[in-house]
Amino acid sequence: MNRKRNRTNGFEKWGGYMEAKKTKLEKQFTEKAAGDSNHVKSQIFKGISIFVNGYTLPSANELNRIMMENGGVYHNYHRPNITTHIIASNLPTAKLKLLKQFKIVKPEWISDSIKEGKLLNYEDYLLFIDQPNQPKIDFPVRAKNASEPTFLSEFYNNSRLHLISTMATTFKHLVNDTRKRNQTDYPGRQRLKKWIEQNGVKDMLSHDSELDSGKTVMHIDMDCFFVSAGLVERPELRGLPVAVTHAKGNLSKKREGVDLGAEFGLYVKRWRGDDNENGEEDEEVQEIKPRSTKRDGINETDSMAEIACCSYEARKVGIKNGMLVGKALKMCPTLKLIPYNFEQYKRVAHTLYSHIMNDYTLDVEAVSCDELYLDCSNILETTKASPFELATFLRKEIKEKTQCPCSTGIGSNCLLARLATKKAKPDGQFYLEPGNIMDFMRNIDISDVPGVGRTLGHKLSTFGISTCGELSALSLQTLQSEFGNKTGLSLYKHCRGEDDRKLNYDYKPKSVSAEVNYGIRFKNKEESENFVRQLCDEVEKRLDDIEMNGKTVTLKLMIRNVEAPKESAKFLGHGFCDNITKSNSLTKSTSNSIIIFQVVNKIMNQLNIDPSELRGIGIQMNKLESRNVTGAGRIEHFISNMKSDTKRNNIPPNENTDNDKIISTKVSEPRSLQSSSTDGCNKPKSVIDFFKPKEELNSRKHIKTSNSKSNIPHESLVNIRMSQVDPSFLDALPTDLRREIENELKANKNQNSLFDENENSSTMEVTMTEESSKLYQHVQIDQMKEFIEEWVVTENEPKTCDNIMVSKYLCNLVRDTKTEDAYEIIRKLYRLIKNKDHLAWKQSYFDVLKDVQETMLNLYNAKMKVETTFT
């Protein structure tokens, strides 16, 4: 059916949305490069557009900077007709074959060209060679384990779990971005209405006229997604038992050091709970019969690779997702094993999401690359279609567009819709009518209820519960006393088909992590530290992608159990391990990989674990915060005071200062501080004090002494505009003084309104660059050193805006060839921060130093020799 549309909406063909996003990112890159024109070093890469695929050295962020500074363009996504070169250190075989028509170049081409000062021939840096007289592709040698520098990129390029998690995040962001369009025209709804009229579809519902007027949720799940998508390019395998896995078959011989019996015995021992040191066994636990595991019946030459997905033909003979290949081949010797096809999965998933959101509704919750919820209440209302008709037509279109089948379930909430989908599989649909919920739920297996895993399921089985009907016989009080208030209430509601959860359209990640539990084999501490650094870089990249920082660093370690064999049953797998999790909270949120590594390395040093015993490492950032700069820092307050002084000094002498709408005050100190004011060490200063010469400060002390009886002297030392008054500052003052200042503010409120309006507009016009320029013009080197010391000593933690102002001040010194002055200030800053315990200050130092070194490289092609680590 041809689609006729009068306007475009960003989703034409596949990736219409993505194409618009790519163009926007490229435009942002170009605008930023133009804005930083004084940072441009050369035009070496003029006409070159690169896309970085996977982990590289230099990193993707570094390559982005290099291209910006040297006339090139950096693409966040591959654009086949625009991207001139793909930069990669290594790629999986399938991806290399798919992209071999493009120029795939090693990152050394970029770095070597910079060193030579000219664009080198990219052919000398090709990742593979494919010429007419050389049909064999020269694929790179794969890293053996995590001790090699290219391992991490290979792991993520070939990890299905990584793909699933990153694609889920991608589509959740896609939903967020797409919903901002506020689309009102959905052509799919018109096609649905026309289809119903032409085909006269008879609804199979018994109570169509009594359709529930509440929310109607549809759950869409692609059937055997990895298999179905893989068979699009291999249709000859349709109808046969097929499984997607990394393995090609069983091993030809036993690997040395592997002891399957010992390793599997440890898993069973742990599950039964009889591995306590005293040998005392609980009588109730002894009666439990060991459950069957996926390791049963496996010998030394059987493949330990897991099946990610299998076809329904394979499931008919007992094969399941997650089963080991060795066991599956025993059950079905004719099982066809096919490799992962990640690019195909992405194409099908994008087609699914863009079709639903472009043609039907934006009320979509992304679950994963092959699964989503949608609120179809409005669709049913506007099209007058029944749930059955909508499901039939929607499934038909999805299959036409993706060449993959899907199943749909419809219910009044997410739980019921999901359970209905399970009933509909394979390649079917099921609508759970409101009147049939209790009968439907009665026979639902308890393991199908969300939140019921192996442990909880086993505990329920000890009560003789295996279905929702049996569970519903227990009272809420009984469930909460046995399983806790939260779990008990959840079980009570779910077994009755109740689900209060709303569709989540606004995705906000709660954590960001990078974890590897395969191939972790180190010989020494140096190898483990190098890998941890790479993992920290990956975490930083992922935080940069979502423009957030984290405030809690969590380290997860898998350590070989003392009883486990040295070599795991699965090649380079983690084997039987003990798990350790340690967290450390930061005083200031960060995404800086250097700071993250310092925290992680400190934890690892405290644990003092033999690197050769490590089998898995994960780094997670929690308590995420947006990177928006909020609140003014000390330097910003100083700039505000400078502008106030400028305005005040420009007033003619005969003009009444009251019209200036500035309240001139000097607040007397509390008695506790007055008693110690003689030494001056503990006396809090205003920020402008940091920039005043010592002579003036001394004279100011004299003024204070002579006016000690007056809380608000006539002569002004600190200028406060009404818009600058901080409520928290007033709250901290004595009651009588606070009331006096508040009365003064209220008295001038009407007069201040006009001035504030003009002042706000002028303040908005002053950019950070202009403010830092004013700081540079008015503050001498000695004054800046004094301020730096006061700033570090008195502040608990630095504000981002102050970091920016300090770094710009130092960069201006470098640009004015005052590198010695900059060096002295940086050295002073380092010495002061070295004594601070808060990591936020160390991060502040690294942020300032990064900007200064970039300026040094731009102007002098050399870095300043200053300390780069804190010991």
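Each label point is 7 Å from the Cα along the Cα-to-Cβ direction; what then is the distance between the points at Asp816 and Thr334, in nm?
Roughly 8.4 nm, to one decimal.
Work out how much length Glu233 to Thr794 would gain on full extension: take 0.36 nm times their residue separation and subtract the Cα-Cα distance, in nm to one decimal.
Length difference between fully extended and current span is 195.4 nm.
Let a ≥ b ≥ c be the square roots of the eigenvalues of the Cα gyration tensor of the stretch 450-596; is it rounded (a/c under 1.5), or, if not, prolate (a/b larger than b/c) or oblate?
Oblate is the answer for the stretch 450-596, as a/c is 1.5 or above yet b/c matches or exceeds a/b.
Taking all protein chains as present, what is the carbon and sulfur share of the accessible area of the stretch 216-263, in % to the nearest whole number, probe 1.4 Å?
51
How much length is gained if the chain between Leu489 and Leu607 is pulled fully straight, taking 0.36 nm per residue apart and subtracting their Cα-Cα distance, in nm to one decimal?
Separation in residues times 0.36 nm, less the Cα-Cα distance, equals 38.5 nm.
Where only protein heavy atoms count, and the probe is 1.4 Å, what is the accessible area per residue for the stretch 533-613 in Å²?
For the stretch 533-613, the solvent-accessible area averages 44 Å² per residue.
In nm, give the distance between the simple-model label positions of Lys320 and Glu343, each being 7 Å from the Cα along the Cα-to-Cβ direction.
Distance between the two pseudo-spin positions: 3.5 nm.
In the stretch 520-565, what percent of the accessible surface is made up of carbon and sulfur (1.4 Å probe, ligands and nucleic acids excluded)?
Carbon with sulfur: 42 percent of the solvent-accessible area.
Determine the alpha carbon to alpha carbon distance for each of Lys215/Lys486; Lys41/Lys588; Lys836/Lys865 and list only those over 29 Å.
Over 29 Å apart, Cα to Cα: Lys41/Lys588.
Apply the a/c threshold of 1.5 to the C-alpha gyration tensor of the stretch 492-571 and tell me whether it is rounded, prolate or oblate.
Judged from the Cα gyration tensor, the stretch 492-571 comes out oblate (a/c at least 1.5, b/c at or above a/b).
Could you tell me which of the pairs Lys508/Lys551; Lys27/Lys115; Lys194/Lys396; Lys602/Lys842 are separated by over 20 angstrom between their Cα atoms in the structure shown?
Going by Cα-Cα distance, Lys27/Lys115 fall outside the 20 Å limit.
Over 24 Å between Cα atoms, which of Lys24/Lys118; Lys828/Lys850; Lys172/Lys510 qualify?
Too far apart for the 24 Å limit: Lys24/Lys118.
First check a/c for the stretch 40-122, with a ≥ b ≥ c the square roots of the eigenvalues of its C-alpha gyration tensor; if it is under 1.5, answer rounded, and if not, answer prolate when a/b is larger than b/c or oblate otherwise.
prolate
Heavy-atom accessible area per residue, the stretch 787-830, 1.4 Å probe: how many Å²?
40
Tell me, what ³J(HN,Hα) does each residue in the stretch 440-450 have, in order and in whole Hz, if you take phi through Karplus 6.51 cos²θ - 1.76 cosθ + 1.60 with θ = phi - 60° and put x for Gly and Pro?
Couplings: 5, 5, 4, 9, 5, 5, 4, 5, 8, 7, x Hz.
Which FRET efficiency, nearest 0.05, do Tyr505 and Asp578 yield, Cβ-Cβ r, R0 35 Å?
The calculated FRET efficiency here is 0.30.
With the calculation restricted to Cα positions, what are the radius of gyration and Dmax of the stretch 780-871 in angstrom?
According to the Cα coordinates of the stretch 780-871, Rg and Dmax are 12.3, 36 Å.
Quickly work out the Arg454-to-Arg181 label distance, labels modelled 7 Å from Cα along the C-beta direction, and quote it in nm with one decimal.
4.4
Full-extension gain between Glu867 and Glu400, please, as 0.36 nm times their residue separation minus the C-alpha to C-alpha distance.
Between Glu867 and Glu400, full extension yields an extra 161.9 nm.
Apply 1/(1 + (r/R0)^6) to the Cβ-Cβ distance of Lys194 and Asn443, taking R0 = 35 Å, and write down the FRET efficiency to the nearest 0.05.
My answer for the efficiency is 0.35.
Rolling a 1.4 angstrom probe over the protein chains, ignoring ligands and nucleic acids, what is the accessible area of Glu31 in square angstrom, nearest 10?
Rounded to the nearest 10, that gives 110 Å².
Mind giving me the FRET efficiency for Arg533 and Tyr312? R0 is 56 Å, r the Cβ-Cβ distance, nearest 0.05 is fine.
0.80
With every protein chain kept in place and ligands, DNA and RNA left out, what is the accessible area per residue of the stretch 306-397? Probe 1.4 Å, answer in Å².
It amounts to 32 Å² per residue over the stretch 306-397.
The values are calculated or read from the model by the stated rules, or taken from the named source; none is laboratory data. Predicted, not measured: the structure shown is a model, and the values here were computed from it. Note: ideal-geometry Cβ built from the backbone for every residue, glycine included; neighbour counts use all protein chains shown. Side chains included, ligands, DNA and RNA excluded: accessible areas come from the protein's heavy atoms. Shrake-Rupley method; radii C 1.70, N 1.55, O 1.52, S 1.80 Å.
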